[in-house]
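**Q** Just dropping this structure here.
The values are calculated or read from the model by the stated rules, or taken from the named source; none is laboratory data. Just so it is clear, the model here is predicted, and its values are computed rather than measured. Quick reminder, even Gly has a Cβ in these numbers, built from the backbone with ideal geometry, and neighbours come from all protein chains shown.
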Amino acid sequence: MAKLGILVSDLKALRAARREDPVDVVVLQTTLINPPRATGARSLAEQIKRAHPQAEIVPYVWHYVSHGPRDGLRELGSRNLPGAPEAFGQLQATPEVEAAWTTSLQCARNLGATRMVLRTPPSLTPGARDRARFETWLEGPLKQSGMGLVWEPEGLWEPPQIASLCKKHGIEAMAPAFYVTGRTREESLFASWLRVDAGGALHRMTPAHAEGLLFTLEDRPDGADKTIIFAGARGHGNLRQYRRSAEAEGL
């Protein structure tokens, strides 16, 4: 049986939680924009545990580590660090990125997290320079931290390239559960984490959507378990619908 989780991009989403919800993981997208300071992080962890006592908390890495000034996230946050904008993001080996990573790590540890999600923007390409930079970061700052990692690549990365890096460095990948422009069925098969986004036809998960997702899990080539993360305001409701469909299939 796949693990089930909720992606929180707005803390109001936790109001829809029920203690009986089968939530194994709470992914905090809020930390991509504004990681809370120590007291705030511990308070947030307590809030999550009240809603989902058994859930693992997995925060996003702060965008100052991964996203450069032209990647569109800097303007969304209220927390910042001193330094030239060009010195941040892209997993650069700069004091500015190191400071952002330290902040992100402190937040994760105060949340009680043992792994994080790293979203890389389209500007971090699979070309030789960026791939080398990424691998240096994986083998350096990430490995030294002892944190596990779920990688959410955007842009030109192809499934075989993502799978190769994940295997080589012992990380996992996250991909959309349903196929969208630029994403393929092949990608959803190899990714360990599947993200069910809300919006459009998927605002409310139907039994047909749940059945399609179950078929995707059955087709998993290596038989490994997946983690399915439900995003958006309907996240909890969609998770419950999926769970009902899985139980109806005896899973």
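**Q** Pick from Ala198, Ala113, Ala177: which is modelled with pLDDT under 90 and in contact with an Asp or Glu (Cβ under 9 Å, 6 or more places away or on another chain)?
**A** Numbers: Ala198 fails: in contact with an Asp or Glu (Cβ under 9 Å, 6 or more places away or on another chain); Ala113 fails: modelled with pLDDT under 90.
Result of the check over Ala198, Ala113, Ala177: Ala177.
**Q** Which members of region 103-134 meet the condition of being crowded, with 16+ Cβ neighbours inside 10 Å, among the polar types (S, T, N, Q) and closer than 14 Å to Ala45 by Cα?
**A** Correct list: Asn110 only.
**Q** Taking region 137-160 on its own, how many of its residues are at pLDDT 95 or above and not in a loop (DSSP other than H, G, I, E, B)?
**A** Within region 137-160, residues that are at pLDDT 95 or above and not in a loop (DSSP other than H, G, I, E, B) number 15.
**Q** Right, next: Search region 166-186 for residues that are within 16 Å of Glu154 (Cβ to Cβ) and pair each with any residue that is modelled with pLDDT under 60 and in a loop (DSSP other than H, G, I, E, B) when their beta-carbon atoms are under 8 Å apart and the residues are at least 6 apart or on different chains.
**A** Once the first residue is within 16 Å of Glu154 (Cβ to Cβ) and sits in region 166-186, its partners that are modelled with pLDDT under 60 and in a loop (DSSP other than H, G, I, E, B) give Ala175/Arg183; Pro176/Arg183.
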